Amino acid sequence: MKNKSRIIENTVYGIFLILGLITVAFVLLISIYLIISGIPAIKEIGFTDFFFGKNWAPTKTPQEFGILPFILTSIYGTAGAVLIGTPIGIFTAVYLSKMANRRIKSLVSTAVSLLAGIPSVVYGLVGMLVLVPLVRVAFNIPDGASLLSAIIVLSVMVLPSIINVSLTSLEAVPKEYEEGSLALGAKPVETYFRISLPAAKSGIAAAVALGVGRAIGEAMAVIMVSGNVANMPSLFQSVRFLTTAVSSEMAYAAGGSLHRQALFSIALVLFIFIMIINAVLNFFLKKRKGEN
Amino acid sequence: MLGKVSKKRRFNIAVLKALMYLSAAVTCALVVFIIVYVLAKGVPNITWELISTKPSYLQNKIGILPDILNTVYIIFAALVIVLPLGAGAAVYLTEYAKNPKVVRAIEFAAETLSGIPSIIYGLVGMLFFCQFLGFGTSLMAGALTLVIMNLPTIMRTTQESLKTVPKGYKEGAFGLGAGKWRVIRTIVLPECVDGIVTGCILSVGRIVGESAALLFTAGFGHALNGIFEGLSSSGATLTVALYVYAKEQGEFEVAFVIAAILIVLTLIINISASLAGKYFKSRRNK
């Protein structure tokens, strides 16, 4: 009897152990696959030609596989989106956490979670039919599908992440800080921006890092509004991101070709970017935990 | 005392206040605009024929029934697999794992998974499920890719709900001589339900909205299939179909119909998530 129950206990333990470790296995699987399939093309093309080449022309002879345009476009696009999204997000978060009454707060929070829930292809569709023509007319350029349109769409898409994380950290600021400031004669609004916001700075930094991660990883909305030509980035020109470089050519790059392998290398570069951003995000999240 | 706030300070306060109101208003206006615009463009074009038939090149007509069914199949398949995996991982973390290094490794892995962009999932899914495991481009390969993506969500929500299990229950059961498995089965697992339901709703939302991870794993098929046949063949979900119709074929009317359906689904999912949250909270406080 005792033996039987011990066997059961051990089996159950084994099953749960496997289930527990499965996330680790998945991360290893993804990393190993990306590294194995991404390295060969970089070797064959050459490190410098791949990372610093300005031309991407896999179908021309001789083929060219420079991904500098994609890297720079992704960096500029993400920076632009975060630059626009962060102030709007932070102001909204301060308003929600400190000033809004309960009804307005729940209303705006619903709006924010809806914004987070709208599928990226819907953002792409609306961007394609509303924003792109608008940009074309407003700046008098031949085609509105450009880096600018992508930045605007991305800045809307990063808003929910920035608002939610900032909001959580603003609400965790100890009440005594604010009360002290108010007692010394500062007005409420001054207190929110001079005391509460600096006190929540690790959380705000985490919010921005999360926004950067969202923006740099977005593919579908961006592919629909950015025009998708492999130009060096410029605000009013059609551009291609790291994500869209992978998604737009994967369907027709012939199996086993250098072209296809180069697309895997681009994915590897994107993955490395994401890992760096995740590390930054975790650093700030840990710091925030330490502060509270 | 009160009148002594200088002009400059008053001006700054007014500016900051205005910026706060403006930002909150912009956020809300964006949501309202997108929802109203998509519904206004999409709803008038919804016809019974469109949502109840499959596309036919011969008759030159489009139907989105296959896409709707594919979405349902893929949600079902992904959830059936991810729920036991995610809930099991959460039970392991809260009940079994003692080595802090192991716990940290698992939590780090979960965080990493939730930060990876869907296009990378799509690529690895294509390499691993479609090619290495031989599923080919199929809904099943797509569903398995979604399993990896949604694992952290289910894990997190289940973990949250397990934290609320009163310690006394477990200690009481152990004290009465129950084995670990018995305690988990009778006390811990029933408490998972909250977390699993919440995780389910969140995952359904994410799956409905997902497209980049499915492009190369589930593909673009528009055939009308039953669930088993459907899972083994290529199929476009609503989001992928929207992308194809809008970007490749310029069929904006159909694209907006799909977008309107997606928006309505998003609304329903959001409402159910908040209702579920409220319900579980009130039950717990009893």
FRET efficiency (residue A:18, residue B:10; Cβ distance; R0 60 Å; to 0.05) is 0.40
Let me know the shape class of chain B, please: from the alpha-carbon gyration tensor, a ≥ b ≥ c as square roots of the eigenvalues, rounded when a/c is under 1.5, otherwise prolate if a/b is greater than b/c, or oblate.
oblate
Rounded to two decimals, what ratio of Rg to Rh does region A:2-52 give with C-alpha atoms and a Kirkwood Rh?
1.48
Once the in-chain neighbours fewer than 8 apart are removed, the lysines whose Cα is under 20 Å from residue B:61 read B:41, B:247
Counting Lys and Arg as +1 and Asp and Glu as -1, each charge on the Cβ, what is the dipole of the protein assembly as shown about the Cα centre in debye, to the nearest 20?
2340
Counting only Cα, what are the radius of gyration and maximum Cα-Cα distance Dmax of region B:241-286, in Å?
17.3, 55
Excluding ligands and nucleic acids, what accessible area in Å² is computed for residue A:56 using a 1.4 Å probe, to the nearest 10?
30
How many Cβ atoms of partner chains, on average, are near each residue of A:183-190 if near means within 10 Å of its Cβ?
3
Using a ≥ b ≥ c from the Cα gyration tensor of region B:1-150 (square roots of the eigenvalues), is it rounded, prolate or oblate, where a/c under 1.5 gives rounded and otherwise the larger of a/b and b/c decides, a/b for prolate?
oblate
Please work out the average accessible area per residue across region B:49-285, using the 1.4 Å probe convention, and give it in Å².
42
I need the phi-derived Karplus couplings for region A:263-275: 6.51 cos²θ - 1.76 cosθ + 1.60, θ = phi - 60°, integer Hz, Gly and Pro marked x.
5, 5, 4, 4, 4, 5, 4, 4, 4, 5, 3, 4, 5
Per the Cauchy relation, a quarter of the hull surface: what is the mean projected area of the convex hull of the alpha carbons in chain A, in nm²?
23.2
For the protein assembly as shown, whose charge dipole is built from +1 on Lys and Arg Cβ atoms and -1 on Asp and Glu Cβ atoms, the candidate among A:246, A:92, B:174 with its Cα farthest towards the positive end is B:174
In chain A, lysine pairs closer than 23 Å at Cα, eight or more apart or cross-chain:
19
For residue A:143 and residue B:45, what is the calculated FRET efficiency with R₀ set at 22 Å and r taken between the beta-carbons, to the nearest 0.05?
0.25
What's the whole-number percent of alpha carbon pairs in the protein assembly as shown lying beyond 36 angstrom?
39
I want to verify a result. In a Gaussian network model of chain A, Cα cutoff 10 Å, which of these has the top mean-square fluctuation: A:136, A:260, A:102?
A:102
Size of the B/A contact, given as accessible area buried on both chains, probe 1.4 Å, in Å²:
6700
Relative to the Cα centre, what is the charge dipole magnitude of region A:144-292, using +1 at the beta carbon of each Lys and Arg, -1 at the beta carbon of each Asp and Glu, and rounding to the nearest 20 debye?
240
With a 1.4 Å probe and every protein chain kept in, tell me what percent of the accessible surface of region B:2-45 is carbon plus sulfur.
74
Note to self: with every protein chain in place and a 1.4 Å probe, region A:67-291 gives an accessible area per residue in Å² of 38
Separation in nanometres of the label points that stand 7 Å from Cα toward Cβ, at residue A:130 and residue B:284
3.6
Taking a point 7 angstrom from the Cα of residue A:106 along the C-beta vector, which residues in region A:150-190 have backbone N less than 20 Å away?
A:164, A:167-168, A:171
Roughly how many Å² is the accessible area per residue of region A:2-52, as a whole number, for a 1.4 Å probe?
63
Efficiency by 1/(1 + (r/R0)^6): what FRET value for residue B:186 and residue B:29, r their Cβ-Cβ distance, R0 = 45 Å, to the nearest 0.05?
0.30
Ordered by number, the residues of region B:178-192 with at least 20 Å² less accessible area in the assembly than alone (1.4 Å probe) are B:181
Whole-Hz Karplus couplings 3J(HN,Hα) for region B:224-230, θ = phi - 60° and coefficients 6.51, -1.76, 1.60, Gly and Pro as x, run 8, 10, x, 5, 6, 4, x
Once the dipole of the protein assembly as shown is set up from charges on Cβ (+1 Lys and Arg, -1 Asp and Glu), the residue from the list A:180, B:45, A:53 lying farthest towards its positive end is A:180
Within the accessible area of region A:67-291, what % is carbon and sulfur when the probe is 1.4 Å and the other protein chains stay in place?
64
For residue A:65, residues with placed amide H under 5 Å, excluding near neighbours
A:57
Most fluctuating residue of A:62, A:40, A:160 in a GNM of chain A with Cα springs under 10 Å: which is it?
A:62
With +1 assigned to the C-beta of every Lys and Arg and -1 to the C-beta of every Asp and Glu, and no other charges, what is the dipole magnitude of chain B about the Cα centre in debye, to the nearest 20?
1920
Difference of contour (0.36 nm per residue) and Cα-Cα distance, residue A:79 to residue A:201:
42.0 nm
Fraction of accessible area attributable to carbon and sulfur, region B:49-285 (%, probe 1.4 Å)
63
Total charge of the residues flanking residue A:284 in space, meaning their Cβ is under 15 Å from its Cβ, with Lys and Arg +1 and Asp and Glu -1, is +3
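The values are calculated or read from the model by the stated rules, or taken from the named source; none is laboratory data. The structure displayed is predicted, hence computed values, not measured ones. Neighbour counts are summed over all protein chains in view; Cβ atoms, including those assigned to glycine, are modelled from backbone coordinates with ideal geometry. Only protein heavy atoms, including side chains, enter the accessible area calculation; ligands, DNA and RNA are left aside. Shrake-Rupley method; radii C 1.70, N 1.55, O 1.52, S 1.80 Å.
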